1. Could you list D164, D60, D216 in order of exposure, starting from the residue whose Cβ has the fewest other Cβ atoms within 10 Å?
2. Within region 188-217, report the chymotrypsin sites (Phe, Trp or Tyr not before Pro) that DSSP leaves as loop and that have at most 15 other Cβ atoms within 10 Å.
3. Kirkwood Rh over alpha-carbon pairs of region 136-220, then Stokes-Einstein at 20 °C and 1.002 mPa s: what D in µm² s⁻¹, rounded to an integer?
4. Shape verdict for region 38-100, please, from the Cα gyration tensor: rounded (a/c under 1.5), prolate (a/b greater than b/c) or oblate.
5. Distance cut-off 28 Å, Cα to Cα: go down the list K139/K195; K42/K162; K42/K75; K75/K189 and report the pairs above it.
6. Order these by the 10 Å Cβ neighbour count, fewest first: Y221, Y61.
7. Would you list E167, E55 from fewest to most Cβ contacts within 10 Å?
Amino acid sequence: MQKKRKRKLRKKRLFLLLLILVAISFACVKFIDVPIRSIIIKGNDILTDNEIIKESGLEDYPSYFGVFSIMVKNKLKKNKYISNVKVSKGLLNVKITVTEKKVLYIENETNQKVTLTDKIKDDKVICAPYLMGSVPLKKQARFLKAMNKIDKDILCQMSQIKYDPNEIDSDRYLVYMNDGNSVYLTVNKFNKINKYNTILENIGKQNGILYLDYGDYFQAY
């Protein structure tokens, strides 16, 4: 009788142990399968949050423990608008910080092709000036280098830019601003337009032409 009782006790203990193991296994699976609760995105102006989430493969908010930062980073670095990306994981969240390439101008007002610092083109609508006409081939390298010296917020205030040489300077450009002013620049003085908002404080609300090519003066219309 004692042996039978011992066997029954052992069976009960074994059964209980199996139940505990199954419960622990189930809990582990549920824990591992817990989805990402939030995705934090910073540094993007060109790409939307949804575009970044989709390209990173996180649109369905997959398992937190199944997401690896290096994999997300490698996916996003394939995007032609992204020059660098940092990915980190917090408490059930993923933080993505991107550095986008600088858009210099929209090459054609009809098809809205975008020219970046590395000359990538696309049809995405960007906050940047339209290039009216074209820049001579032999002038393009200096033009791109000069455009890259302009701050992003100033590029966004520029409506149009065109190659406009005169008898004095063959590297002269005319910029039309969104506020109705015009600015003349030479290719070696493009960085002067970064002070545009400061200059406006002295000009006031009147519109006219700002000559930053020679003389640095303003002529009202």
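What follows draws every value from the coordinates through simple rules; no lab data is involved. None of the values given here were measured: they were computed from a predicted structure. Positions of Cβ are generated from backbone atoms using ideal geometry, with glycine treated the same way; all protein chains shown enter the neighbour counts.
1. D60, D216, D164
2. Loop-located and lightly packed - Y214.
3. It comes out at roughly 164 µm²/s.
4. prolate
5. Where the Cα-Cα span goes over 28 Å, the pairs concerned are K42/K162; K75/K189.
6. Final ranking by Cβ density, sparse to dense: Y221, Y61.
7. Listing E167, E55 from fewest to most nearby Cβ atoms yields E167, E55.
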